[in-house]
Amino acid sequence: MEKQNWVTVMDEQDLVGTDPGEVVAFDIELDSGETLAVGLVCDPNEDSGWMAFENICSHDGEGMEEGEVNLRDCTIECPRHGAKFDVKTGEVLSMPAVTNIRTFDIRITDGMIQLYL
């Protein structure tokens with residue numbers, strides 16, 4: 001497992017105009033060579049304004065950026081088979097998925113979005 005630390009992923013200005021509940025999807029290339037798919041959910045109720053999660057459904061291995069986000073419950077539903085995940089904890093909440101997804105602490109420092117990986 002890689003050492004965890006804060007990683008700068010983008011400029012906060014890149015997210016201007018993102019609507020609440022909208023998912024911004026992108027990939028991070030890790031030092032190990034692994035590519036990590038990440039989704040940021042715009043949530044004005046969070047201190048940073050965002051929640052960050054692994055943007056891969058653990059059921060079928062595909063991205064969830066087109067899935068339905070419920071900010072009240074902090075959930076995202078996979079658009080293909082309906083698996084639901086808590087985007088704060090990564091907990092799987094409904095089948096067909098049975099494996100949790102990763103979530104990431106997020107902060108904004110000097111106008112840069114950073115994730116704790």
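Structural remarks
- Yes/no for Ile28 being touching a helix residue (DSSP H, G or I) at 6+ places or on another chain (Cβ under 7 Å), in contact (Cβ under 8 Å) with a residue 12 or more places away in the chain and either surrounded by 16 or more Cβ atoms within 10 Å (Cβ to Cβ) or part of a strand (DSSP E or B) (or both): no
- Residue match in region 70-78 (condition: surrounded by 15 or more Cβ atoms within 10 Å (Cβ to Cβ), farther than 17 Å from Ile108 by Cβ, under 14 Å from the mean Cα position of the chain (by Cα) and touching a residue at least 40 places away in the same chain (Cβ under 8 Å)): yes
- For Phe85, the requirement of being under 19 Å from Asn5 (Cβ atoms) and crowded, with 20+ Cβ neighbours inside 10 Å is not met.
- Filter pass, Asp47 being under 21 Å from Glu12 (Cα atoms), among the acidic types (Asp, Glu), surrounded by 15 or more Cβ atoms within 10 Å (Cβ to Cβ) and at pLDDT below 95: no
- Any hit, region 44-61, residues being in a loop (DSSP other than H, G, I, E, B), of a type in the set (D, E, K, R) and over 24 Å from Thr109 (Cβ atoms): yes
- Members of region 4-20 that are among the β-branched types (Val, Ile, Thr), surrounded by 11 or more Cβ atoms within 10 Å (Cβ to Cβ) and under 15 Å from Cys42 (Cα atoms): Thr18
The values are calculated or read from the model by the stated rules, or taken from the named source; none is laboratory data. As the structure is a computational prediction, the values presented were derived from the model and not from experiment. Cβ atoms come from the backbone with ideal geometry, glycine included; neighbour counts cover every protein chain shown.
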